[in-house]
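A.B. asks: Structure incoming, see below.
The values are calculated or read from the model by the stated rules, or taken from the named source; none is laboratory data. The structure presented is a predicted model; accordingly, all values stated were derived computationally and were not measured. Quick reminder, even Gly has a Cβ in these numbers, built from the backbone with ideal geometry, and neighbours come from all protein chains shown. Note: areas computed on protein heavy atoms with side chains; ligands, DNA, RNA excluded. Shrake-Rupley method; radii C 1.70, N 1.55, O 1.52, S 1.80 Å.
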Amino acid sequence: MTPLVPVVSGSCTRLFACFLRLGTPQAGPLQLHTGASCAAKNHYEVLVLGGGSGGITMAARMKRKVGAENVAVVEPSEKHFYQPIWTLVGAGAKQLSSSGRPTASVIPSGVEWIKARVVELSPDKNCIHTDNGKEISYKYLIIALGIQLHYEKIKGLPEGFDHPKIGSNYSVKTVEKTWKALQDFKEGNAIFTFPNTPVKCAGAPQKIMYLSEAYFRKTGKRPKANIIFNTSLGAIFGVKKYADALLEIIQERNITVNYKQNLIEVRADKQEAVFENLGKPGETQVISYEMLHVTPPMGPPDVIKTSPVADAAGWVDVNKETLQHKRYPNVFAIGDCTNLPTSKTAAAVAAQSGILDRTISLIMKNQTPVKKYDGYTSCPLVTGYNRVILAEFDYNGQPLETFPFDQSKERLSMYLMKADFMPFLYWNMMLRGYWGGPAFLRKLFHLGMS
């Protein structure tokens, strides 16, 4: 795959990186994890379920707290991906290869990697079971199992991805199909969808829409492209400040937005998408497409839904301020698998990791957690190949902006941060447990004000 836009890197990124290290413990050199694929023992002081962003980050933090030999990560995948960059991969602005690294290289040195899948949680017995028949017990459990994609809940998928003209930035298997569909577009409808479920990175379904529109303009295809965003939601974005800015862009670029429209079927052989009208039950509409980007329905992992740690909807039931489980005091959770009422993003995971670190520290000392998570999350809304609106907000949907300027404006600087600096921050600081979000920067830039 040949990227449309070359990787941008330079002294500004390195300077910003050095600045962020001020007042932050220095991360050591990246060390390759060489642990065995099976657990060397069956009990750990801290057991982490999941080797994604939340799991690796917390494993690094717990290693410093209790020692590497007392921490284990249960994760079946051989490769770890920085998924936020897939928005740019789907638009040809980044290579897919830049988004992944071997799991062994990101698990903290000395921490045990249990290469297996969790099949049962038994919090009443302080143990879990894996798909290779192992029972592993723990003193403290951190659940970081992410979110499950459900392409199969859309009739005609995932087999529809075998056809051209259709892609999805939410899977490593389909993200490059988005770029292929974009390149192959000739004329007609380019449709982008948003499902009737919680999703990770709720801005991503429309980011690829803006990038596609920009690509059509660059390649002279825009006059022949009818761009449609069919969303199951009733608004373009959940925070009014950013929603207003996005609606202006949508109007300027002549993009059609249809609300309360949920994708229920893809007829890939006919290049047709079927939508249900959530406002009028029973009413459906069939739309032909020249390009289709699918955001799949999502939900909690099956192993959580069937476990005692789940709430009624199947998510891990945690205190929204401390991330401690509401019924099991030695169980904690972070990220997409939780029922925290905030957007499911890597930025949210970073902020949660700092809070959870402090929560567990106090619980280990038989003290009451005092540091409270405010719901901070961030969504860099990519609106073109060199522009981003950086949305940051809290539990109440109120802007919680880091920089001392209006972040609802499209900016090149925010695009460079999204495309180049954030991946650097992720691999070199967050996964090593040295990045807990930009709260300290916000205070600095706003002269100590919260």
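A.B. asks: Using alpha carbons only, how many degrees (0 to 90, rounded to 10) separate the axis of helix 53-66 from the longest principal axis of the chain?
C.D. replies: Roughly 20 degrees, rounded to the nearest 10.
A.B. asks: With angles folded into 0 to 90 degrees, how steeply does helix 346-364 sit against the dominant principal axis of the chain? Use alpha carbons for both and round to 10.
C.D. replies: Long axis of 346-364 versus the principal axis of the chain: about 20 degrees.
A.B. asks: Output the antiparallel fraction of DSSP beta bridges having both residues in segment 151-298, as a percent to the nearest 5.
C.D. replies: Numbers: 11 of 27 bridges.
Expressed as a percentage, antiparallel bridges in segment 151-298 total about 40.
A.B. asks: Apply the Karplus curve 6.51 cos²θ - 1.76 cosθ + 1.60, θ = phi - 60°, to the phi angles in segment 152-169 and return the couplings in whole Hz, x for Gly and Pro.
C.D. replies: 5, 7, 9, 4, x, 10, x, 4, x, 5, 6, 8, x, 6, 9, x, 7, 7
A.B. asks: When N counts the residues of segment 246-396, how does its alpha-carbon radius of gyration compare numerically with 2.2 N^0.38 Å, as a ratio? Present the calculation step by step, with values, prior to reporting the outcome.
C.D. replies: Details: Rg = 20.3 Å, N = 151, 2.2 N^0.38 = 14.8 Å.
After normalising by residue count via 2.2 N^0.38 Å, the value is 1.37.
A.B. asks: May I pose another question? Given 0.36 nm per residue, what is the gain on full extension from residue 413 to residue 64 after removing their alpha carbon distance, in nm?
C.D. replies: 122.2 nm
A.B. asks: Now for a separate question. Which value, in Å² rounded to 10, gives the accessible area of residue 283 with a 1.4 Å probe and all protein chains present?
C.D. replies: Estimated to the nearest 10 Å², residue 283 gives 90 Å².
A.B. asks: In the full protein assembly as shown, how much of residue 120 is accessible to a 1.4 Å probe, in Å² to the nearest 10?
C.D. replies: Solvent-accessible area, nearest 10 Å²: 90 Å².
A.B. asks: To continue, here is another question. Among 263-276, 48-61, 325-338, how do they line up by average Cβ neighbours within 10 Å per residue, starting with the highest?
C.D. replies: Ranked from most to least packed, the peptides come out as 48-61, 325-338, 263-276.
A.B. asks: Considering only DSSP beta bridges where both residues belong to the chain, give the percentage that are antiparallel (nearest 5).
C.D. replies: Details: 35 of 69 bridges.
Just about 50 percent of them are antiparallel.
A.B. asks: Holding the Cα-Cα limit at 26 Å, pick out from 139/320; 79/139; 63/443 the pairs that are longer than that.
C.D. replies: Table pairs above 26 Å Cα-Cα are 79/139; 63/443.
A.B. asks: Ok, one more. Top to bottom by accessible area (1.4 Å), largest first, where do 434, 373 land?
C.D. replies: So the residues, ranked largest to smallest area, are 434, 373.
A.B. asks: Pop out the Kirkwood hydrodynamic radius of segment 218-266 from its pairwise C-alpha distances, inverse of mean 1/r, in Å to one decimal.
C.D. replies: For segment 218-266, inverting the mean 1/r across all distinct Cα pairs yields 12.3 Å.
A.B. asks: Which log10 I(q)/I(0) values does segment 195-291 give at q = 0.12, 0.16, 0.20 Å⁻¹ under the Debye formula, counting every alpha carbon as one identical point scatterer?
C.D. replies: -0.42, -0.76, -1.15
A.B. asks: Can you list, largest first and rounded to whole Å, the semi-axes you get for segment 48-166 by taking the square root of 5 times each eigenvalue of its Cα gyration tensor?
C.D. replies: For segment 48-166, the ellipsoid semi-axes come out as 31, 20, 11 Å.
A.B. asks: Net charge within 14 Å of residue 217 by Cβ-Cβ distance, Lys/Arg positive one each and Asp/Glu negative one each, not counting residue 217 itself?
C.D. replies: Residues close to residue 217 contribute a combined charge of +4.
A.B. asks: Moving on. For the chain, with equal point scatterers placed on the C-alpha atoms only and solvent neglected, what are the log10 I(q)/I(0) values from the Debye formula at q = 0.05, 0.09 1/Å, to two decimals?
C.D. replies: -0.17, -0.58
A.B. asks: While we're looking at this one, here's another question. Probe of 1.4 angstrom, ligands and nucleic acids ignored: what's the accessible area per residue over the chain, in square angstrom?
C.D. replies: 42 Å²
A.B. asks: Further question on the same structure: Can you give me the % of accessible surface on the chain that is carbon or sulfur? Probe 1.4 Å, all protein chains present, nothing else counted.
C.D. replies: Carbon and sulfur: 51 percent of the exposed surface of the chain.
A.B. asks: Additional query: Show 414, 422 ordered by accessible area, largest first, where the area counts protein heavy atoms only and the probe is 1.4 Å.
C.D. replies: Listed by decreasing accessible area, they come as 422, 414.
A.B. asks: So how exposed is residue 320, as accessible area in Å² (1.4 Å probe, rounded to 10)?
C.D. replies: For residue 320, the solvent-accessible surface is approximately 100 Å².
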